[in-house]
Amino acid sequence: MQVWAHESPSAGSRKIGYLRLGAVVARGDKAAGNDGCGGGWYSIYPRGFVCVGDEATLDSGAPLVRAAAVRPDLTRPMPYHYGFVRAVAPQYLKVPNKEEQLASEFALEKHLAWWSKDSATANNVVLGANDVALDANGFAVDGAPLPGGAKRSVDMTQGELFGAAGDGDPIPFWLVGSRQVPNVSGFKVPPYAVFADRVRRHTGLAFIGSFATGDDSFGRRFGVTTDLRLVPTTKVKPDSASPFHGIPIHSVDELPFAWVRAKEAHAYRFDGDTPHRGDETLSNRSVHKLSGKAKRVDDTWYRETTDGKWLKTTEAGAALVPTDWPKAATDGEKWIDISIENQVLIAWQGKTPVYATLVSTGQDGMGDPLTTKSTIRGTFRIRDKHVTTTMDSNGRSAEGGGPAPLAAAGADSSEKDPREGKTIRRGQGTFELRDVPWVQYFAAGFALHTAYWHDVFGVARSHGCVNMSPIDGHWLFGWTDPPVPPGWHGVEAGPDTAAGTTVVVHR
């Protein structure tokens with residue numbers, strides 16, 4: 001699924017990033033050495049060296065490279081087509097016939113009877129993240145047409161929702177007759193196996209294509225996952241993710257303001273020091289300019305809007321000017337400010353705000369991040385970035401961009417971080433989330449990343465990471481340092497502590 005890029009042509013040199021299955025990048029003409037690599041180390045663009053052999057080839061026409069030729073779309077908030085498993089399903093390694101499906105799937109005839117009756121509506125979607133146009137800076141432009149005549153999610157066919165060009169896409173060449181490429185997933189099976197493990201209910205999957213079959217396979221459509229396995233789309237609900245997004249800012253004068261982040265919020269008035277809830281309700285995610293005045297009643301703060309209303313901070317998250325500036329601000333660098341109390345993230349260039357949005361931090365608020373589901377607090381630097389990586393429902397994963405699916409849903413497992421050899425303990429998860437987009441680790445087990453599985457940004461709900469909407473995560477990923485080189489899937493910030501953008505997390 002991936003090959004590491006090394007700093008120098010040696011197996012013992014530092015890993016600086018990686019390429020994912022199917023990636024094709026420019027290389028040097030000749031090998032730069034053979035230290036620990038029989039096929040030779042080749043320089044790649046824009047830096048680093050890759051070992052040619054079991055994990056990389058000089059043949060761009062190799063079947064496995066061609067089979068995985070669909071790359072993540074870096075121009076859109078959701079880089080792949082996504083869906084959630086509605087019922088346990090095998091991850092087939094070949095196009096299964098009727099007998100193989102009946103032997104592999106529990107109560108399949110009952111499921112197919114349901115699908116025959118409800119298929120017209122079962123996989124409907126709503127407008128989502130990729131249905132919002134982006135300008136040249138990556139900022140959302142509500143109401144603008146999609147570029148190039150791209151289809152909206154609600155207008156896509158079933159084939160298109162799972163990554164096909166259309167409903168008539170043929171069976172991929174590498175599945176015609178018999179499977180012509182190896183099983184690349186982390187779940188190893190014998191050559192005669194029909195499927196590699198089962199995918200559990202609620203698992204999030206990413207697809208790079210789909211195709212329909214004939215009567216000998218019940219006429220079912222199969223989606224092709226990023227690790228080249230086949231999942232029947234009758235058992236997957238396509239998902240378009242949240243279209244929510246933040247606001248670009250051009251001057252500190254535009255602050256402070258607040259988003260309503262509660263489903264039911266009210267405007268308040270004060271009689272002396274006593275707040276009174278008014279009859280006016282405020283719509284969720286509406287934005288209100290603040291006067292800068294605040295009052296505290298017991299443990300609750302209220303902030304005044306410029307039109308004289310008062311907002312309860314438990315119902316509205318405020319984007320504020322810092323009272324203390326970090327070193328990155330005084331040095332004119334890019335930095336990210338995250339308030340747990342407000343559930344607001346602001347991207348800054350020095351002391352100039354650039355972008356603000358609602359996020360979802362750890363659900364246990366200001367608890368101990370080592371023992372509770374709380375986000376770590378302090379000042380950090382982005383350590384590594386991944387176009388996508390796999391996580392479990394804890395919202396934490398190994399930091400090496402590990403592409404293999406995680407342990408079975410509900411399992412309590414541990415594994416070694418592939419970079420540092422540390423053991424990462426996973427709690428009792430309920431599902432796994434594959435190809436989580438725009439992941440940026442700033443501390444061990446803690447990352448900024450897109451959450452395609454919920455739309456409650458502004459409410460603390462993660463297991464410690466900072467959840468962002470796809471549009472926000474996509475913009476921030478492109479803005480922060482270090483940049484991911486073209487064609488790469490992940491990059492390390494390196495030993496230079498100033499290489500990654502500063503992240504400040506506070507109350």
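The values are calculated or read from the model by the stated rules, or taken from the named source; none is laboratory data. Because the structure is predicted, anything quoted here is derived from the model rather than measured. Every residue, glycine among them, receives a Cβ derived from its backbone with ideal geometry; neighbour counts consider all protein chains shown.
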Within region 448-507, which residues are surrounded by fewer than 20 Cβ atoms within 10 Å (Cβ to Cβ) and outside any loop (DSSP other than H, G, I, E, B)? 478, 479, 506
Which of the numbered conditions does residue 247 fail, given that it passes all the others? Conditions: (1) aliphatic (A, V, I, L, M); (2) under 22 Å from residue 73 (Cα atoms); (3) in contact with a strand residue (DSSP E or B) (Cβ under 7 Å, 6 or more places away or on another chain). (2)
Does at least one position in region 353-360 carry a residue that is touching a Lys or Arg at 6+ places or on another chain (Cβ under 6 Å), polar (S, T, N, Q), surrounded by fewer than 18 Cβ atoms within 10 Å (Cβ to Cβ) and in contact (Cβ under 8 Å) with a residue 24 or more places away in the chain? no
Is it the case, given these coordinates, that residue 48 is free of Cβ contacts under 8 Å to residues at least 24 places away in the same chain and of a type outside the set (Ser, Thr, Tyr)? no
In region 36-66, how many are farther than 13 Å from residue 7 by Cα and over 26 Å from the mean Cα position of the chain (by Cα)? 15
Quick check: anything in region 55-62 in a helix (DSSP H, G or I) and either farther than 17 Å from residue 484 by Cα or at pLDDT 95 or above (or both)? no
Screening 295, 289 for residues that are part of a strand (DSSP E or B), closer than 30 Å to residue 479 by Cα, outside the structural domain of residue 458 (by TED's automatic domain parsing) and not aromatic (Phe, Trp, Tyr) leaves only 289
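A quick yes/no check of all residues on (1) within 21 Å of the chain's Cα centre (by Cα); (2) outside the structural domain of residue 97 (by TED's automatic domain parsing); (3) buried (at least 17 other Cβ atoms within 10 Å of the Cβ):
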| site | (1), (2), (3) |
| --- | --- |
| 172 | no, no, yes |
| 182 | no, no, no |
| 196 | no, no, yes |
| 216 | no, no, no |
| 225 | yes, no, yes |
Residue in region 242-276 that is nearest to residue 141 (Cα to Cα), counting only those that are over 36 Å from the mean Cα position of the chain (by Cα) and surrounded by 13 or more Cβ atoms within 10 Å (Cβ to Cβ): 268
For residues in region 124-170 being more than 22 Å from the chain's Cα centre (by Cα) and in a helix (DSSP H, G or I), which is nearest to residue 242 (Cα to Cα)? 155
Right, residue 187: hydrophobic (A, V, I, L, M, F, W, C) and within 22 Å of the chain's Cα centre (by Cα) or not? no
